[in-house]
1. Pull out all pairs, ordered by first then second residue, where Cβ-Cβ is under 7 Å, the residues are six or more apart or on different chains, the first lies in the stretch 131-149 and is in contact (Cβ under 8 Å) with a residue 24 or more places away in the chain, and the second is crowded, with 18+ Cβ neighbours inside 10 Å and in a helix (DSSP H, G or I).
2. Among the residues of the stretch 89-99, which ones are within 24 Å of VAL37 (Cβ to Cβ) and either surrounded by 16 or more Cβ atoms within 10 Å (Cβ to Cβ) or over 15 Å from the mean Cα position of the chain (by Cα) (or both)?
3. When the residues of the stretch 124-151 are narrowed to those that are among the aromatic types (Phe, Trp, Tyr) and more than 12 Å from ARG7 (Cα to Cα), which ends up surrounded by the fewest Cβ atoms within 10 Å (Cβ to Cβ)?
4. Please determine, by comparing only the residues of the stretch 44-59 that are surrounded by 16 or more Cβ atoms within 10 Å (Cβ to Cβ) and either part of a loop (DSSP other than H, G, I, E, B) or of a type in the set (Ser, Thr, Tyr) (or both), which one is modelled with the highest pLDDT.
5. For residues in the stretch 21-43 being within 21 Å of GLN109 (Cβ to Cβ) and outside any strand (DSSP E or B), which is nearest to the chain's Cα centre (by Cα)?
6. Scan the stretch 78-102 and report the pairs whose first residue is over 14 Å from GLY20 (Cβ atoms) and touching a residue at least 60 places away in the same chain (Cβ under 8 Å) and whose second residue is part of a strand (DSSP E or B) and small (Gly, Ala, Ser), with Cβ atoms within less than 7 Å and a gap of 6+ or a chain change.
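The values are calculated or read from the model by the stated rules, or taken from the named source; none is laboratory data. Keep in mind it's a predicted model, so treat the numbers as computed, not measured. Every residue, glycine among them, receives a Cβ derived from its backbone with ideal geometry; neighbour counts consider all protein chains shown.
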Amino acid sequence: MAAEIERKFLVDQNLLPDFGEGTLISQGYIDTTTKNVVRARVKGDNGFLTLKGESHGATCAEFEYEIPKADALNIIATMCAGKTVEKIRYEYPLGKHVWEVDVFSGRNQGLIVAEIELASEDETFEKPEWIAEEVTGQAKYFNACLLNMPYLEW
């Protein structure tokens, strides 16, 4: 089974550097009655279909497949009712890791989250100076939750 081990943090927006050009990401979620997630994503010129299992701490089962961009757009339009979470993703290499910094827009405007993928939950890593509170495992910061309970409505 594929596993994703990811820790998530809020950032101090006053300390953020200029990351340069990011990648626009638009993703929709197919409704499920479980804690599993099925996501269609358009990232730049590429499409992806991702299945994620329930999170246990910083770990969840994850299976991601590249699909044609047109298929991802069609899935979002038809199976996700056209509702999406929009963000610009920036990559920030530090040490042997790459931080992914997501700057949300639309109904999640003002939210900026940084994530780091790890090989194990206890792996050590360098934190940039702009890292603030850890929010790993807090459901309200899951992208799937931001779709129905956006940041601007908290």
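1. LEU146/ASN108
2. Filtering the stretch 89-99 down to residues within 24 Å of VAL37 (Cβ to Cβ) leaves 89-91, 97-99.
Answer for the stretch 89-99, where residues must be within 24 Å of VAL37 (Cβ to Cβ) and either surrounded by 16 or more Cβ atoms within 10 Å (Cβ to Cβ) or over 15 Å from the mean Cα position of the chain (by Cα) (or both): ARG89, TYR90, HIS97, TRP99.
3. Keep residues of the stretch 124-151 that are among the aromatic types (Phe, Trp, Tyr), which gives 125, 130, 141-142, 151.
So of that shortlist, the ones also more than 12 Å from ARG7 (Cα to Cα) come out as 130, 151.
Values: TRP130: 19, TYR151: 17.
Across the stretch 124-151, the extreme among qualifying residues is TYR151.
4. THR50
5. GLY22
6. So the pair list comes out as LYS83/GLY28; THR84/SER26; THR84/GLY28; GLU86/SER26.
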